[in-house]
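First up is the structure itself, then whatever we jot down about it.
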Amino acid sequence: MYSRNTAPSPISNGEPLSVRIVSFAGRSVAIEYDIPEGREITDFLYHDLTPADSADPHVTFTIGRKDDRQFTLWRDDERLYQGESKASLANILVGETIHHLTDKSEHGLTLHAAALCRDGSGIIMPGKSGAGKSSLCTWLLGRGFSYLTDELVYIPEGSLFIEAFTRPINIKTHGIEAVSGHFDFDANKSETMASRHVTMIPHRLLNPHTETGPVQLSLIIFPHHQAGVELALQRLTKAQVGLALMECLVNARNLNGHGFGEATRLARQVPAYDLTYSRFDQLAEHLDSILP
């Protein structure tokens, strides 16, 4: 049962707090708010996440107000944000949520990766920030795939089933031009949250279908978006896959052998490709031959 583990953070109006528990990979954090914008932000960010039977929250975030213009965000008793932008607050909150869930994650691989599925078959696309995961997700959603995440997946020990941290798709400002042909940012402005650095898009605006139930990992693609290059699609060896997965593993310090045994297991069981491209029109012919 949730119980607050610090002194109350400074918030403005003294109204009863509402609490949302966000759970992923066996860990949880709590988000408190006493203003309508707090519910709006948490519903926007965590619409597809439901509380799980996991550990009690080890971190509490509080959304409040300083005055009629400025919002505040606290982590326990440390202020993380004060300003007028709900989008900026939301971006900080979801990033902090991810950090504090993965910091304690164990008993499986937590990977910096996007994930999609179709007919129960799942694809993960591991990669560092800037690799083009979110943009590739946007394009694939228009080709019949269902969205799972553009940021974080968890694969329990011994399993091939994907658990996804489903958040709005995050398109960085420099990537807007690349996906503007697949999403009308102006027409959907009221449904998104845009800050200076990122626009957050609910995935249902791109594909209203959401696949439920267990999703088994069927394919791994390591994407690399680079301007001006020709498309290159290369099947990776098991050794290459294992090493590439380790580069995207965010909870290695919590795992036996730093997770290398589990990464090797996935490499042996799941086909994987390295993909380099510069334009989406390069992808259709080649990707269709390997997509599940």
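Only the coordinates and a few stated rules stand behind these numbers; no lab work does. Only a predicted model underlies this, so the values are computations on that prediction, with no experimental measurement involved. Cβ coordinates were reconstructed from backbone atoms using ideal geometry, including for glycine residues, and neighbour counts include every protein chain displayed.
May I ask you to sort 153, 29 by Cβ crowding, counting other Cβ atoms within 10 Å and putting the fewest first?
Ranked by crowding around the Cβ, least crowded first: 29, 153.
Cα convex hull of region 18-102: how many Å³ per residue?
In region 18-102, the Cα hull volume divided by residue count equals 82 Å³.
Antiparallel DSSP bridges in region 108-287: what percent, to the nearest 5?
Taking every DSSP beta bridge within region 108-287, about 75 percent pair in antiparallel fashion.
How far, in degrees from 0 to 90, does helix 86-102 lean away from the longest principal axis of the Cα atoms of the chain, to the nearest 10?
With both axes taken from Cα atoms, the answer is about 70 degrees.
Could you compute the net charge surrounding residue 42? Neighbours are other residues with a C-beta less than 14 Å from the C-beta of residue 42; K and R count +1, D and E count -1.
With Lys, Arg at +1 and Asp, Glu at -1, the net is -3.
Before anything else, pin down the relative contact order of region 18-102: Cα pairs under 8 Å, at least 6 apart, normalised by residue count, whole percent.
27
Please give the contour-minus-distance gain from residue 216 to residue 289: 0.36 nm per residue of separation, less the Cα-Cα distance, rounded to one decimal in nm.
Roughly 24.4 nm would be gained on extension.
Could you give the angle, 0 to 90 degrees to the nearest 10, between helix 238-247's Cα long axis and the longest principal axis of the Cα atoms of the chain?
The answer is roughly 20 degrees.
Give me the distance in nm between label points sitting 7 Å out from Cα along the Cα-to-Cβ direction at residue 254 and residue 160, one decimal.
It is 2.5 nm.
Relative to the longest principal axis of the C-alpha atoms of the chain, give the angle of the C-alpha long axis of helix 260-269, reported between 0 and 90° and rounded to the nearest 10°.
On a 0 to 90 degree scale, this one is about 50.
So how long is each side of the chain along the principal axes, counting just the alpha-carbon atoms, biggest first, in Å?
On the principal axes, the chain reaches 58, 46, 30 Å in Cα extent.
Under the rule of -39500 (n - 2.57) per DSSP H run of 4 or more residues, summed and divided by the residues of the chain, what mean residue ellipticity at 222 nm is obtained, to the nearest 500 deg cm²/dmol?
-6500 deg cm²/dmol
Hand me the tally of lysine pairs in the chain: alpha carbons under 26 angstrom apart, and the pair either on different chains or 8 or more positions apart.
For the chain, the number of qualifying lysine pairs is 12.
In whole angstrom, note down how far apart the Cα centers of region 111-177 and region 220-292 are.
Computed from Cα coordinates, the inter-centre distance equals 12 Å.
Would you mind calculating the relative contact order of region 149-292 from Cα pairs under 8 angstrom and at least 6 residues apart, reporting the percent as a whole number?
The value is 25 percent.
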